[in-house]
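What follows is a single structure, written as structure tokens, with notes after it.
Read the figures in this text as sums done on the coordinates, not as results from a lab. For clarity, every value in this text was computed on a predicted model and none was experimentally measured. Please note: Cβ atoms are built from the backbone with ideal geometry, for glycine as well, and neighbour counts cover all protein chains shown.
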Amino acid sequence: MTDCAAARLLLHGLLDNELDAANAMRCEEHLAGCADCAATYAAMAALQNQVRAADPHYPAPPGLAARVARSLDAVSGRRPLLARLRWPSWSLGAGAAALAASLLIVLMVPRSPDLSVEIASSHLRSLQAAHLVDVATSDRHVVKPWFAGRIDFSPPVIDTTPSGFVLVGGRLDYLDGRPVAAIVYRRRQHVINLFIWPGSGRSAPSADVRDGYNMLHWTSGGMTHWLASDLNAAELMQFQALIASGEPG
């Protein structure tokens, strides 16, 4: 290799051991016979050694630990836990320290999901995505066994068609961090989503309104139930009574 310009393009690769054997040998042969390129290579190597020898760590800004602790106290209310924390004397760069503090806050602050908002969103998605049901039938003896093997519980499927609440079918949904059953009914032009998953105890119906949808939730028969619909509140309560009366235990 006699061209200095070509050789100098390879110097960084040689310095970092990134060249293949043939190019490394050619580059080294050139350096052995070219004082200028050899001097350039020596300067690059010296700079690399200085960088490696330098301490790349910087202390976190004074008071950062205390500020993060105060923020966690204010947001999460977990003072007893924070009182036991001992902040290590890590040597972090300012950017890394800020990132670590942000991650700690995200991990420590408890999540407080509003299930009624999640259910209202799921109800709305079922109307907009043309995916109201996975199994379309008014026969509860078809809907109930359809869930077998798809979820880890057997949801009660009540036929309320004689009372004017027509069974449309069912689908799988995902709420509160788990798969649930969604049993779908219609009252005239109003869609009713009945979300069901296992629950303990028994509770009376509780009403809510989210994004213009009426909602009812209660626990009975070993199941948690949520209703969501644009049906008026009085008829939705009537429907809830029909479902509750048709359930076992």
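Please arrange V209, V133 by counting, for each residue, the other beta carbons lying within 10 Å of its beta carbon, fewest first.
The order, fewest Cβ neighbours first, is V209, V133.
Which peptide among 11-22, 180-191 comes first, and what is the full order, when sorted by highest mean count of other Cβ atoms within 10 Å?
180-191, 11-22
Can you give the FRET efficiency to the nearest 0.05 for D3 and A53, using r as the Cβ-Cβ distance and R₀ = 25 Å?
0.15
Quick one: length gained pulling D16 to D134 fully straight, 0.36 nm per residue minus the C-alpha distance?
Using 0.36 nm per residue and subtracting the Cα-Cα distance, I get 36.6 nm.
Could I have the simple spin-label model distance between A46 and D152, label points 7 Å from Cα toward Cβ, reported in nm to one decimal?
Taking the simple label geometry, A46 and D152 are separated by 6.7 nm.
Around N23, with a cut-off of 14 angstrom between Cβ atoms, what is the net charge of the other residues, counting Lys and Arg +1 and Asp and Glu -1?
Spelling it out: positives minus negatives among the neighbours equals -4.
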